[in-house]
Structure formats: C-alpha cells, structure tokens
Amino acid sequence: MKKSGFTLVELIIVVTIMLILAIIAVGIFNSTGVFNKARDAQRKKDLGRIKVAFEEYFNDKGCYPNQAIIDSLGLASNCNKGIFSPWLSNWPCDPNKKPYTIVVEDPRFSSCNKWYKVLTNLENKSDAAIPLGWTYLPSYIVGGSITAEMVNYGVSSSNINWFDVSQDPECALYGGCYYKPDPQDQPNVCNSAGTGCVGPNCYVGICKASCVVSCCGAGCN
C-alpha cells in the first residue's frame with residue numbers, strides 16, 4: 001500500500017521552489033529601490049547643474065533669470081534643448097519627463113531678480129537630504145503655490161534656503177513683510193529699533209523665526 005504525505009525529495013523540491021520565488025520577490029523589491037535611488041541621484045545632479053548655470057548667468061547679467069525666462073524653461077517641449085545656452089547646453093528635466101519647479105522673485109516687485117529656488121520631489125522619502133519632519137508640513141509654502149506636499153528637495157541662491165517659507169508677495173508692495181510685536185515681546189527682537197521685522201530680507205526668509213507676519217498691507221499701523 002502506497003504511503004500518503006510528502007517524500008523527502010518532494011519536500012526538497014517544494015522548499016527549493018519557495019526559495020526561488022522569495023529570491024525573485026526580493027530582487028524585484030530591491031530593483032525598484034535601486035531605480036528610485038538612481039532617479040533621485042539624477043534629480044540631485046540636474047539641480048546642481050541648474051544652480052551652477054544660474055550663478056553663471058548672475059555673474060554675466062547681475063540678476064538671476066526673470067519670470068519670462070523661467071516660464072520658457074518650464075515648458076516640457078524645451079527639455080534637453082539648448083534653451084538656456086550658453087550657460088547650460090541642454091536644459092535638464094525630471095526623469096519623469098516633466099520640467100523641474102522653479103520659483104523666482106515676483107516681477108512686480110523687482111526688475112532684477114535676486115533669488116531663486118529650483119525644486120523637485122525625491123522618490124526615496126527617507127533620503128537624508130529631505131528636511132526632518134518635512135512630511136508633517138504638507139501645507140508649508142516654499143514659493144508661489146508650491147507646498148511641502150509637492151516637493152521635498154531643492155537648491156537655491158545663496159541668500160535664501162530652498163525650504164524657507166515664502167511670505168505673501170503682497171507684503172513686498174509695502175516694503176517687505178511686517179511684524180507687529182506683542183507687548184510682552186522683548187525689545188530688539190529683529191532690529192535695533194525694536195519695532196519688529198520690516199524689509200525685503202524678511203520676504204526671502206532671512207529674518208529671525210520670531211518675526212512672524214501678523215499684519216501686512218496698507219491697513220497696518
């Protein structure tokens with residue numbers, strides 16, 4: 001009478017098949033991670049090239065590219081073309097074939113752009129280059145309508161950080177952002193007059209964090 005159950009040979013075959021499937025699954029998972037990191041490395045390299053090109057442009061022109069130029073660079077049809085030559089022979093775009101996000105000074109407030117941010121979204125959310133706690137600030141505005149939910153890595157001109165919060169551009173119409181000190185605040189928080197933070201440096205995020213805008217516009221007093 002034939003005995004029921006697995007023989008030793010059958011058991012070895014089953015275990016071998018399971019090991020092969022496990023190896024394939026791990027390989028697929030790791031390959032995805034490798035590809036993600038490779039694309040992120042390309043993004044960092046591209047933004048580094050753009051930063052160098054923008055700084056060279058500034059050295060030549062005395063200003064960074066204005067909004068009209070940025071709009072042109074933001075067209076997918078200009079990816080990998082000499083649209084920004086001679087400062088950059090081929091304009092890079094994200095590995096997903098979309099242009100990188102660029103934020104510059106509002107042309108209403110200055111005819112000579114003095115700062116910029118070039119932003120992207122890394123796929124590896126544990127990348128050390130992403131600011132700590134970034135995912136907990138989804139509505140944090142880094143420029144225009146760009147929020148922390150949309151980007152997590154960038155480069156910028158040396159006078160700002162790419163992750164600096166961007167104040168309402170309306171503030172620049174009245175000389176910068178304004179801080180109305182609380183009576184309990186210590187004097188000289190942001191300037192020698194002890195009146196709070198006023199001026200364009202606040203707009204680009206240089207002023208101290210204690211200078212939070214609470215009133216901005218012609219109606220402030």
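Listed cross-link partners K81/K125; K61/K97; K37/K61; K61/K81 are compared with a 27 Å cut-off, the Cα-Cα value being larger for K81/K125; K61/K97; K37/K61. Taking other C-beta atoms within 10 Å as the exposure proxy, E149, E10 rank E10, E149 from fewest upward.
Database remark: amide H of N113 closer than 5 angstrom to the amide H of Y64 (H placed geometrically; neighbours at sequence offset of 5 or more, or on other chains; Pro and chain starts carry no H).
Each reported figure results from applying straightforward, stated rules to the coordinates on display, with no laboratory input. All values derive from a computational prediction rather than experimental measurement. Because the Cβ atoms are built from the backbone with ideal geometry, glycine has one as well, and the counts that use them run over all protein chains shown.
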